Every structure is written in C-alpha cells, then in structure tokens.
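Here's the structure we're looking at; comments come further down.
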Amino acid sequence: MKWLIPFLIFACSALTAHEPPYTIPGKIYESTPQMITPSAGPRVDHGIDACITADFIYWTARMDNLSFVQTGISPGNISTNKGNTKYPDWRWKPGFKVGLGLGLPHDGWDVYGEYTWLHSRAWNSTRENNQGILPSWNIANLLSSSSVDAIQSAKTTWKLHFNAIDLSLGRNYFISKFLAMRPFIGFKGTWIHHDYRVKYHSVTTELDTNLRMKNNQKYWGIGLRTGLNTAWHFTQTWGIYGNLALSALWSQFEVDRKDTRNDTQNNNGPTNPPLATNITVMNTENDFHTIKGVIEFGIGMLGEWWFLEDRYHFLVQAGWEEQLWINHNQLIKVSMLQSDHGDFVLQGLTIKARFDF
C-alpha cells in the first residue's frame, strides 16, 4: 500500500494546480491569475448568471447633405450681404436602450441582446432679407425658371424614427490583472424612417407660388456584427471602458418623393392652373437592396460593485457614444447642387445600469 502514497500526492498536486486562483469571475484579486485568459464575467455566486441592462441616451442625430437654401446670392446687378448654407437646426433628444444577457456554462461565454429606440426632429426657416436665396432642391423646375431674388422665404423639417436590435455571443476575459476585453460576434437588425420636407415661397412678376417637397426614406437592414469591448480597471471598483463595433447590413431602401405647386396669387400671369390648386409636379420612388456599413464607438467611466456575499453585481457606466451609418442618405435628388448621398450619424451621452443575478 505504500506505493499509493506517492500516487495520491501527485494526483492532489495536479488537481490543485488547475484550480482557478479566484472564485468569482470578474473580481480583481491580490494574486495574479495563473491561467490563460481567465474569465472576467461578471458572474455571481449561487445565481443564474443573467443580467438586465437599461440605458438613458441623450443623442443628436444628423444627416449629411440636407441643406435647403444658400443665402448671400446676388442676381448679378447689385451687391449682397454675406450669407451661408442653411440646414435643419439639429436638436438633442432623449432615448433609451434595454438589454438582457445570460452567462453560458461553456468556457465563460455569454449571450446578450439589446434594443435601441430614438425619435428626433429638426427644423429651420429663413427669409430673403436682402441676401438672396438659392434653393438647394429643384422643385417644379425652380432652379431654371426663377432668379435668386424670387424666393422670399423657405423652411424645412426633418423627422427620425430609429430602432435597432443587437445580438452578440462573446467572452469577457482578463489579459492582465487590470485589463479585460470581450470580443464578440453576432447580428444587427434595424428599421429607420426619415421624413424630410422643404417649402419655398416664390414671388415673381407673374405669380406668387408655394412649392413643397416631401422626401421620405424607409430603411430596413440585417446583417453581421462584430467588435470588441474593453475595460481598463484602476481598482476593483473603478475603471474606463472603450468599445468598438462594425456591422455590414443587407439593406432595403424605400425612398419616395412628391413635389407639389400651389399658386396663391396671380400677378398678371397665366391662369392655368387655377389659384389655390395643388398640382403634383413630381411623384416618384426608388426601391433597392444593397449592403451598407455601420461603425460604432464608445468610451467612458465605469463603476461596479458586488454585494450580499457576491450574490449580486451592479455596474454603472457613463460615457460618449458615436455611430456612423455610411452613405445612408439615399433621398431622391434631381439637381447637382448637392452631393447625391451622405452619411447618417448619431452621437451623445450614454448612461448604462447593469444588474447581474
């Protein structure tokens, strides 16, 4: 039986060598873990390893190439004051995110899903004021039939309904004592609605006319998403986070444009069409499929706490987030005063709360 003693000592030593140097994944311990890429969780003790998240967002949403007029344009025989290019007056609006995650029993993997909601709107207007107005949108052949002093006033409105769902499979792990990262793969789905409108009031020697354009873009997209979340811990409680995500979405665009003309006063001009009659001068659509890219960034501060004997975990993050939707502006244009397309951007404050149980 004496030969069993060395065998048992060797077996116990081998088992002890493979025990993790910590008990709660995600907590920072005084001793440095000896295993490769130990799980950073966060996992709780005697829980189901699920989490819920809620984010308050205060973002501004903007679209490239949505100017509606240029001022400071002279007909050529008089001097003009300095003008500028006018866009919708972009606003900041609140929104939210909600998420649900689950830690998997395999190698510290986790799954996470998140929904983002944001509604926004912007508007602007201008009057002639001895600056001259050059319209950016060619409504009813306006650019070739009117001089720059014909437009007396202009206004625009833009509305956004933004929805997105992100699903990911990832693993959060330490690569050093205080630096953790979570690479992930997954999917992104989104549906976005842009409603852009412009109105010009034109006065000539013949007619006073209201010209209106409604440019409506509905977008659906679904595709692959991958990225990396990082946490740079100062202590067990406080740290900095930095996130990056890339998506390629199979996209469907449904774009409609409708232009109307309404003559409000006849100044010895033609009598056809009759006054106060809405005439549709353009009614067209552009529906197509393509692949579009999305880039997402985030950086900020984090704080996290375990409580009730490590059975629960609570995290708070506050930082700045940016999203770039590449070449997303597909509104229908019929003039070359502007670039055909442009990007759609979101950015602003994001405050996240996470509870693990």
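Values quoted throughout were computed directly from the atomic coordinates according to the rules given, and no laboratory measurement underlies them. Quick caveat: nothing in here was measured; it's all calculated off a predicted structure. Neighbour counts are summed over all protein chains in view; Cβ atoms, including those assigned to glycine, are modelled from backbone coordinates with ideal geometry.
On a full-extension model of 0.36 nm per residue, what is the gain between N262 and W320, subtracting their alpha-carbon distance, rounded to one decimal in nm?
Values: separation 58, 0.36 × 58 = 20.88 nm, distance 4.58 nm.
That works out to 16.3 nm of additional length.
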Exercise. Mind listing which trypsin sites (Lys or Arg not before Pro) in segment 276-357 are in a DSSP loop and have 16 or fewer other Cβ atoms within 10 Å?
Worked result: R311
For this session: Could you pull out the pairs from K218/K258; K155/K188; K93/K258; K188/K352 whose alpha carbons sit more than 24 Å apart here?
Result: K155/K188; K93/K258
For this session: Would you mind pulling out the separation of the Cα centroids of segment 158-192 and segment 211-253, in Å?
Result: 7
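With a 10 Å radius around each residue's Cβ, average the other Cβ atoms per peptide and rank 232-242, 157-167, highest first.
Working: 232-242: 14.5, 157-167: 18.5.
Ranking the peptides 232-242, 157-167 by packing returns 157-167, 232-242.
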Problem set entry | Cβ-derived FRET efficiency at R0 30 Å, T235 paired with I52, nearest 0.05 | 0.75
For this session: Calculate the spin-label point distance for T80 paired with N327, positioning each point 7 Å from the Cα along the beta-carbon direction, and give it in nanometres.
Result: 3.3
Problem set entry | Where labels lie 7 Å past Cα in the beta-carbon direction, separation of I36 and T204 in nm | 7.7
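What is the calculated FRET efficiency for W250 to R311, with r their C-beta to C-beta distance and R₀ = 30 Å, to the nearest 0.05?
E(calc), rounded to 0.05, equals 0.10.
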Problem set entry | Cβ-based charge dipole, segment 199-255, positive-most Cα from W220, I240, T209 | I240
